[in-house]
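Bear in mind these aren't lab numbers, they're just calculated from the coordinates by the rules spelled out. It should be emphasised that the depicted structure is a prediction, and the values quoted were computed from it without experimental measurement. Glycine also receives a Cβ, built like all others from the backbone with ideal geometry; neighbour counts cover every protein chain displayed.
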Ligand SMILES: NC(=O)c1ccc[n+]([C@@H]2O[C@H](COP(=O)([O-])OP(=O)(O)OC[C@H]3O[C@@H](n4cnc5c(N)ncnc54)[C@H](OP(=O)(O)O)[C@@H]3O)[C@@H](O)[C@H]2O)c1
């Protein structure tokens with residue numbers, strides 16, 4: 001009997017290859033962390049990848065070049081494009097370069113994020129503007145530039161959200177941007193659905209990336225969350241790929257929580273208990 005699992009069956013893997021082969025995915029902020037895992041997941045599934053990072057040159061460009069080499073070693077095309085998503089002109093140029101290089105765009109994953117860790121009342125004016133410019137306006141700039149390309153391919157948009165969109169986390173103003181993003185997904189799903197573009201999100205639990213290393217300085221207890229309640233970048237990437245696959249064709253304007261059940265727990269678990 002043929003296996004039916006989406007992720008493991010040979011027949012399903014072949015179908016996955018067919019679905020993503022010759023397609024192009026642009027992942028914002030894919031030089032490292034979750035974005036990098038998503039870029040590699042698309043490449044393994046057969047797609048070519050645009051690797052976006054924030055700045056030309058330096059560490060950021062080195063990391064993006066490394067991801068491109070990994071994508072190419074999987075036999076897929078890769079293009080690194082530095083662009084700060086909070087700047088409309090850079091976003092515009094990024095989509096032009098992607099279209100010029102690959103001739104099409106099928107998937108847009110809005111993963112890039114940057115935010116200060118402070119309670120909202122302590123944010124400086126420039127920090128508030130950076131928070132909104134990068135994490136809300138920047139994503140809208142990307143959607144606007146992507147729409148003509150995605151309309152031509154009946155493409156898909158996946159946002160990356162976090163549990164801060166729905167639960168209090170100390171010094172995490174990014175949570176309010178993620179909440180706005182989850183509302184935006186519903187709007188975009190309705191307005192872009194008639195153009196054949198699907199819009200959904202993955203709300204990730206805790207992933208031990210570079211940003212986690214900063215987060216743990218502000219949320220002491222987060223260190224004590226057992227590893228089995230943390231999610232790997234690859235586990236987030238698998239659900240992004242699912243939302244871009246034909247199997248998710250009936251999922252519209254939804255945010256799927258991928259957190260190993262962490263947000264399911266109302267009781268005070270052992271890792272926060274005082275000795
Ligand atoms: N880590 C977690 O526990 C967690 C949990 C839930 C949700 N998430 C979400 O998952 C996404 C990725 O998180 P992560 O932990 O993997 O982040 P990360 O390791 O800090 O990486 C952030 C990525 O975004 C890029 N970036 C930042 N600002 C940008 C800008 N203005 N324009 C373009 N690119 C920009 C960075 O590029 P450079 O290399 O150039 O700086 C980098 O590639 C974020 O949306 C985050 O909110 C993370």
May I ask you to derive the relative contact order of the chain, considering only C-alpha pairs under 8 Å and at least 6 residues apart, and to give it as an integer percent? 17
With a ≥ b ≥ c from the Cα gyration tensor eigenvalues, square-rooted, and the rule rounded for a/c under 1.5, otherwise prolate when a/b > b/c and oblate otherwise, region 22-82 is prolate
In what sequence do 252, 244, 203 fall when counting other Cβ within 10 Å, fewest first? 252, 203, 244
Could you please rank 172, 267, 107, 218, placing first whichever residue has the fewest other Cβ atoms within 10 Å of its Cβ? 267, 218, 172, 107
Expected output is a single nm value to one decimal: the length gained when fully extending between residue 221 and residue 166, i.e. 0.36 nm times separation in residues minus the C-alpha distance. What is it? 17.9 nm
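In which sequence would 213, 41, 114 go, from the one with the fewest C-beta neighbours within 10 Å to the one with the most?
Neighbour counts put them in this order, fewest first: 213, 114, 41.
Assign one of three labels to region 130-237, namely rounded, prolate or oblate, based on the Cα gyration tensor with a ≥ b ≥ c the square roots of its eigenvalues; rounded applies when a/c is under 1.5, prolate when it is not and a/b is larger than b/c, and oblate otherwise.
In terms of gyration-tensor shape, prolate.
Helix-derived [θ] at 222 nm for the chain: sum -39500 (n - 2.57) over DSSP H runs of at least 4, divide by residue count, nearest 500?
On the way: 9 runs with 119 residues, N = 275.
That comes out to -14000 deg cm²/dmol.
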Consider a paramagnetic label point 7 Å from the Cα of residue 96 along Cα→Cβ; state which residues of region 127-149 have an amide N under 18 Å from it. 141-149
With bins 5 Å wide starting at 0, give me the P(r) of the chain over every alpha carbon pair, in whole percents. 1, 6, 12, 17, 20, 17, 13, 8, 4, 2, 0, 0, 0
